[in-house]
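For reference, the structure discussed in these notes is given below.
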Amino acid sequence: MILAVLTREQTERMEKILAGAPKYLVQRLGLAEKRDDSWRDSWKPGDPIPDGFKNAPRKPFPGGVF
């Protein structure tokens with residue numbers, strides 16, 4: 001809604017200000033680029049673990065304590 005009422009000069013000035021702003025502020029204002037969250041739908045609990053992501057065999061702790 002803010003961008004709808006600003007002139008072109010004001011918009012350019014705001015973009016310059018936001019270019020140097022901390023990332024958390026840009027995200028808080030909702031002006032950050034949307035992240036690709038499609039990976040969240042790729043695996044669901046209960047599905048088998050893909051072969052490429054299975055844990056490697058554990059090595060014994062140095063000194064044999066554990």
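The values are calculated or read from the model by the stated rules, or taken from the named source; none is laboratory data. The structure presented is a predicted model; accordingly, all values stated were derived computationally and were not measured. For neighbour counting, all protein chains shown are included, and Cβ atoms are generated from backbone atoms with ideal geometry for every residue, glycine included.
Tabulated values for the structure
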read-out	value
Hey, Gly20 modelled with pLDDT under 75 and of a type outside the set (A, V, I, L, M) or not	no
Matching option when the condition is more than 23 Å from the chain's Cα centre (by Cα) and modelled with pLDDT under 80, among Leu29, Leu3	Leu3
Subset of the range 1-18 (residues that are more than 14 Å from Gly30 (Cβ to Cβ) and not hydroxyl-bearing (Ser, Thr, Tyr))	Ala4, Val5, Leu6, Arg8, Glu9, Gln10, Glu12, Arg13, Glu15, Lys16, Ile17
